[in-house]
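The values are calculated or read from the model by the stated rules, or taken from the named source; none is laboratory data. A quick note: this is a predicted structure, and the numbers were derived from the prediction, not measured. Neighbour counts are summed over all protein chains in view; Cβ atoms, including those assigned to glycine, are modelled from backbone coordinates with ideal geometry. For the accessible areas, the whole protein counts, side chains as well, though only heavy atoms, and no ligand, DNA or RNA atoms are used. Shrake-Rupley method; radii C 1.70, N 1.55, O 1.52, S 1.80 Å.
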Amino acid sequence: MGSLMCPSRLTIVRHSESETNAMVKRKKQDPLYHRFLEAYDRDWRSLETQTLALAVKQSHFSGIGQNDALTTEEGKRQGRETGAHLAEEGLDVPCVVYLSCAPRTRETFESICEGWPELRNVSEIRRDIRLREQGHGLITVYTDKKVMFALNPEQRELHDAEGEYYYTYPNGENVPDTELRARLCLEDIRREYAGKHVMIFSHFRTILALRVI
């Protein structure tokens, strides 16, 4: 980002493995979930698919909200490894670190500091709600988009009609919602930290939005 109206460097880091990520990994290893996917591919409206979808929901809903998940021990190891790699690269310490409001981004930052101790010298740390993950709404309860579609067929129909980009998760957001708040945050960063190194800790879909912008 060479313009004087932009940071000299923008380093963006996705949070390391969270409790929710670990839950998804366990679900994908569950034979029950594989039976559900097979039934869904055969006929996503069938009673068999709905029965299996409900069983998956009951087996894998952790009760952890989207913004409350913490990092796992594996996530902490990933953070330390990432920090050590950044230290080896000789990356300069940023003047500011931006964190989303989710605790897993703070924990990732702390784990990275274990591998890159110099990062603790950063002069400013900001938490910004605009860097949160795309709101998944009811999918948090159903644990999976296909599970939600099987139990709420009108949502599958709406998704197919509007497309993945514009479809809004019930009680959540769509992609343009995420891009808008990411754009507003990035505009503030450009104005306040022109010519400086900025580091952002955020989430998968928000990072995709930042890259698009």
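Here are some notes:
- Area of Cys185 that stays accessible when all protein chains are in place (1.4 Å probe, Å², to 10): 0
- In range of the label at Glu162: residues from region 184-213 whose backbone nitrogen is under 19 Å from the point 7 Å along Cα→Cβ: 205-206, 209
- Percent antiparallel among DSSP beta bridges (both partners in the chain, rounded to 5): 5
- Applying the Karplus relation 6.51 cos²θ - 1.76 cosθ + 1.60 with θ = phi - 60° to region 130-139 yields 3J(HN,Hα) values of 5, 9, 5, 5, 3, x, 8, x, 5, 4 Hz, where x marks Gly and Pro.
- Whole-number accessible area per residue in Å² for the chain, which is evaluated in the context of all protein chains at 1.4 Å: 51
- Dipole magnitude for the chain: about 140 debye, using +1 per Lys or Arg Cβ and -1 per Asp or Glu Cβ, origin at the Cα centre.
- Under-5 Å amide H pairs with His197, H placed in peptide plane, nonlocal only: Ser8, Arg9, Cys95
- Electrostatic bookkeeping for Glu187 treats Lys and Arg as +1 and Asp and Glu as -1; over the other residues with beta carbon under 13 Å from its beta carbon, the sum is +1.
- Taking all protein chains as they are arranged and a probe of 1.4 Å, the heavy atoms of Ile125 leave approximately 70 Å² accessible to solvent.
- Computed over the alpha carbons of region 94-213, Rg followed by Dmax gives 17.1, 52 Å.
- Considering only Gln58, Pro31, Leu47, and ranking their Cα positions along the charge dipole of region 1-118 that arises from unit charges at the beta-carbon of Lys, Arg, Asp and Glu, the one farthest toward the positive end is Leu47.
- Surrounding net charge for Lys76, when Lys and Arg each add one and Asp and Glu each subtract one, Cβ distance under 13 Å: -4
- A probe of 1.4 angstrom, applied to the heavy atoms of all protein chains, finds Ser62 with accessible area near 60 square angstrom.
- Compactness relative to 2.2 N^0.38 Å, alpha carbon Rg of the chain: 1.16
- Glu89 versus Ser46: modelled label distance in nm, points set 7 Å from Cα along the beta carbon direction: 4.8
- Residues listed by number, region 100-114, amide nitrogen under 19 Å from Asp188 label point at 7 Å toward C-beta: 100-106
- Sulfur and carbon atoms: percent of accessible area, the chain [1.4 Å]: 51
- Contour excess over end-to-end distance, with Cα ends at Arg120 and Val212 and 0.36 nm allotted per residue: 30.2 nm
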